[in-house]
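Structure, as structure tokens:
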Amino acid sequence: RKKALERIEPLLKHPFVQKTAGWQLSLLYFKIDNLTVLGDLNSAEEVVKDVDRLINKMRSFRSWPEWGIHWTYQAELAKGNYYMLSGKSQEAELSFGRALYAMNTRIKYNNQTGPDPNAKINQKEQMISYKAYCLASLGLSLQAQRKLVEAEYYFRESLKIYLSLGGKNSSRVARAVARLSQVVTEQGRFEEGNILAQYSLKSNLEIGRAHV
């Protein structure tokens, strides 16, 4: 993580990046992530403020109608991850909710980002995968607040998407089932939680054997 930070800093100062707000936003996203994981929450908070300032500046760009929804998704997701890792689950819930709204808007209106309609970022399956990640993240922020019924709902919605994308025996499905198992168990539904935990374990073992 420290080495990643060392690479990010000079990139942010590169003349090309300085002229390209989208690249700046992506690098700030990674900077927040690395600082938070390293435990430097004060520095991460300052970068969150940089993201807000950059987004406000980008709203005036001619490219905002084309890129704005995706930029908003990126910014709010980065902020949500920071808030979660710094113990601010209520703030994380708000950020993840805004990220989810942005991605739902892209999916609903088939919003194209950038000039290439065939780019990975514009593929329907990729956008739906982004949505599943947002749903799971929102569920985790609710679980941290002990809003267990709401968290279960979002975990189940995320699981539905991952099942449709990767089938039953994928690592994403196994993680989604594990999250669901935990929140169900926390509600006192121990038998159901145990069944889900066993399924998650079985899936992980089968995935591991498939890669041997």
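Counting only C-alpha contacts under 8 Å and six or more residues apart, can you give the relative contact order of the chain as a whole percent?
Normalised by residue count, the contact order of the chain is 12 percent.
Given bins 10 angstrom wide, list per bin the percent of all Cα-Cα distances in the chain, short to long.
Going from the shortest bin to the longest, the percentages are 8, 28, 34, 23, 6, 1.
Which Cα, out of 190, 29, 14, lies furthest along the positive dipole direction of the chain (beta carbon charges, K/R +1, D/E -1)?
Positive-most Cα among the choices belongs to 14.
Taking only protein heavy atoms and a 1.4 Å probe, what accessible area per residue, in Å², does the chain have with all protein chains in place?
Value returned for the chain: 56 Å² of accessible area per residue.
Which of rounded, prolate or oblate describes region 117-212 when judged by the alpha-carbon gyration tensor and an a/c cut-off of 1.5?
oblate
What full-extension length gain, to one decimal in nm, is calculated for residue 12 and residue 119 as 0.36 nm per residue of separation minus the Cα-Cα distance?
Extra length available between residue 12 and residue 119 comes to 36.1 nm.
Between rounded, prolate and oblate, where does region 1-123 land on the alpha carbon gyration tensor, with a ≥ b ≥ c its root eigenvalues, rounded for a/c under 1.5, else prolate if a/b exceeds b/c?
Note, shape of region 1-123 comes out oblate.
Can you spot the aspartates and glutamates whose alpha carbon is less than 18 Å from residue 147's alpha carbon? Ignore those fewer than 8 places along the same chain.
91, 93, 157, 186
For the chain, list the DSSP H helices whose alpha carbon atoms reach 27 Å or more along the long axis and whose average Kyte-Doolittle value is -1.0 or above?
Qualifying helices: 64-85, 89-109, 124-144, 190-210.
Picking from 161, 137, 85, whose Cα lies most toward the positive end of the charge dipole for the chain (charges on Cβ: Lys, Arg +1; Asp, Glu -1)?
My answer, from the dipole projection, is 161.
The values are calculated or read from the model by the stated rules, or taken from the named source; none is laboratory data. As the structure is a computational prediction, the values presented were derived from the model and not from experiment. Methodologically, a virtual Cβ is constructed for each residue, glycine included, from the backbone with ideal geometry; neighbour enumeration extends over all protein chains shown. Accessible surface areas use protein heavy atoms only, side chains included; no ligands, DNA or RNA. Shrake-Rupley method; radii C 1.70, N 1.55, O 1.52, S 1.80 Å.
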